[in-house]
Structures are given as C-alpha cells and as structure tokens.
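Below you'll find the structure, written out as structure tokens, and then a few comments.
No lab work stands behind these numbers, since they all come straight from the coordinates. None of the values given here were measured: they were computed from a predicted structure. All Cβ positions, glycine included, derive from the backbone under ideal geometry; neighbour counts span all protein chains shown.
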Amino acid sequence: MIRKAFTEHPASVGESYFEHLAHASGFGLRMIAGGFACLLHGLLPFLFVKTGSQQIRTLHDRMVVNRSKMPSVMDFVI
C-alpha cells in the first residue's frame, strides 16, 4: 500500500508524516547552512571557524541524544 511507504518510517520514530516532514526539513536546512559555512571557511579560514563542528554537535544531539529520551512503546507496557 502506498500509504505505508509514507507512514512506516515516521511512525517508527514516533512521529506523524507531517511531524517527520518538519523535523527532516529542519535537519536538511541546518545541514545546507553548515555546509555553506564550511565552504566559506575553506575559502576564508578566518570565517565560521567553529560553525561546521557546532552544527554537527547540534544535529547529533537533536537526532540521537534527544530521540533516545523519547518514551518507547515498551515504556507503556505493564
């Protein structure tokens, strides 16, 4: 079923399709901005000295650290 293709993964991380769209889009925009800062840093080394590594830390915390704090289905099973 086509609907499953759009909902299975978001549900596996505890999100609706639209919540997942918003979160994934936010990650994508942060990665684009961080990548652009890294390109500029390569050209002008005095700019954006810590921006790339800070973006990576922020995204890691949002994706791995904070998601692991979300309750799982098993937390609700008695």
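Looking at the P(r) of segment 2-69, how many percent of alpha-carbon pairs lie beyond 17 Å? Tail fraction, whole percent: 53. All other residues whose Cβ lies under 15 angstrom from that of Q55 are scored, Lys and Arg at +1 and Asp and Glu at -1, for a net of +3. Reducing segment 1-33 and segment 39-60 to their Cα centroids gives an inter-centroid distance of 26 Å.
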